[in-house]
Amino acid sequence: MNLYLALPLLLIASLIAAVGLAAVTRGWVLPRNRRHIRNPRLYGWGQLIVAFALCWQLVFGMLSRDPETRAWGTLTGAVMLVAGFIVALTGQLTSSRRTGSSTR
């Protein structure tokens with residue numbers, strides 16, 4: 001992986017991690033996502049997993065010289081990326097508490 005790909009990836013991972021950390025610690029979500037997120041802490045954990053997966057792929061793409069290690073490292077990073085997306089999407093699902101009565 002070249003340096004011109006690594007720097008933007010590191011910047012994106014840092015921004016995702018910062019927003020995920022804010023969601024986990026304070027329950028704060030970006031204004032654009034506020035109406036969609038039902039569980040901000042779970043959504044934040046998903047974002048932290050995604051940021052970690054991006055950094056994982058960055059490390060194995062830049063530092064690994066062995067092709068087999070690079071392949072397994074990036075595959076593991078891809079699995080973590082999908083897992084992070086699933087956790088973040090779970091935070092968007094509707095909560096178990098109902099706001100209104102369904103019987104009328």
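The values are calculated or read from the model by the stated rules, or taken from the named source; none is laboratory data. A quick note: this is a predicted structure, and the numbers were derived from the prediction, not measured. A quick note on method: Cβ atoms are made from the backbone with ideal geometry, for glycine too, and the neighbour counts reach across all protein chains shown. For the accessible areas, the whole protein counts, side chains as well, though only heavy atoms, and no ligand, DNA or RNA atoms are used. Shrake-Rupley method; radii C 1.70, N 1.55, O 1.52, S 1.80 Å.
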Original post:
Looking at the range 44-68, which of its residues are at pLDDT below 90 and more than 15 Å from Ala6 (Cα to Cα)?
Top reply: Arg65, Asp66, Pro67
Original post:
Which is open to solvent by 40 Å² or more (accessible area, probe 1.4 Å), charged (D, E, K, R) and at pLDDT 90 or above, of Arg32, Arg41?
Top reply: Arg41
Original post:
Pairs under 9 Å by beta carbon, first residue under 16 Å from Leu93 (Cβ atoms) in the range 41-52, partner of a type in the set (Phe, Trp, Tyr), six or more apart or different chains?
Top reply: Gly44/Trp28; Gly46/Phe85
Original post:
Which residues, taken from the range 49-66, are hydrophobic (A, V, I, L, M, F, W, C) and open to solvent by less than 40 Å² (accessible area, probe 1.4 Å)?
Top reply: Val50, Ala51, Ala53, Leu54, Leu58
